[in-house]
Amino acid sequence: IKHMYSAHSWLGIGVAAFMVLQATQGAVVYLYGLNHRIRAAMLPFHKYIGLVIYFLACTVICMGIQEKESFLKATPNCKDHSYCDELQLGNVLAVLVVAIAATTGSLVYMPTAPVVTGDEEISRSLLS
């Protein structure tokens, strides 16, 4: 199979490019020590775009699993059986990817406890 044959490969390259842009933006904001107002303004955007990129990566993973399953259906090992073991493994992996993505998304946007702002609070929270 040639490179860049499917939507899976095209979207995978796009997701990788967005990941590089996201990391570059985060490094520039952090390393150049921009003032706290700019950092605070960028945080929700950075968090949201990061989660979107993560979900897109999970989607591309599921597309790759589905693409591999379509190739397996053409093999003699799976032609006689409508549901061979390799296809079952692909389905389980895809369900796990979706479950992990859903859990991650809910944890990122879950209401959390107040943010710890000082060393005293950190040490108290670790002791309790």
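The values are calculated or read from the model by the stated rules, or taken from the named source; none is laboratory data. Everything quoted here is computed from the prediction, not taken from an experiment. Counting neighbours? That spans all protein chains shown, and the Cβs are built from the backbone with ideal geometry, glycine included. Please note that ligands, DNA and RNA were not included when accessible areas were found on the heavy atoms of the full protein model with its side chains. Shrake-Rupley method; radii C 1.70, N 1.55, O 1.52, S 1.80 Å.
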Exercise. Output the residues belonging to segment 1-14 that are assigned to a loop (DSSP other than H, G, I, E, B) and either at pLDDT 95 or above or not aromatic (Phe, Trp, Tyr) (or both).
Key: ILE1, LYS2, HIS3, MET4, SER6
Exercise. Name every residue in segment 93-107 that is farther than 10 Å from ILE65 by Cβ and open to solvent by less than 80 Å² (accessible area, probe 1.4 Å), in order of residue number.
Key: ALA99, ALA101, ALA102, THR103, THR104, GLY105, SER106
Quiz item: What residue, of ALA41, ALA57, ALA17, ALA27, is closer than 29 Å to LEU89 by Cα and part of a helix (DSSP H, G or I)?
Solution: ALA57
Quiz item: Is it fair to say TYR48 is free of Cβ contacts under 8 Å to residues at least 60 places away in the same chain and over 20 Å from the mean Cα position of the chain (by Cα)?
Solution: no
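Which of the residues that make up segment 4-13 are in contact (Cβ under 8 Å) with a residue 40 or more places away in the chain and not hydrophobic (A, V, I, L, M, F, W, C)?
Those that are in contact (Cβ under 8 Å) with a residue 40 or more places away in the chain and not hydrophobic (A, V, I, L, M, F, W, C): SER6, HIS8, GLY12.
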Quiz prompt | Enumeration of residues in segment 1-23 that are loosely packed, with under 12 Cβ neighbours inside 10 Å, more than 17 Å from the chain's Cα centre (by Cα) and of a type outside the set (Lys, Arg) | solution = ILE1, HIS3, MET4, TYR5, ALA7
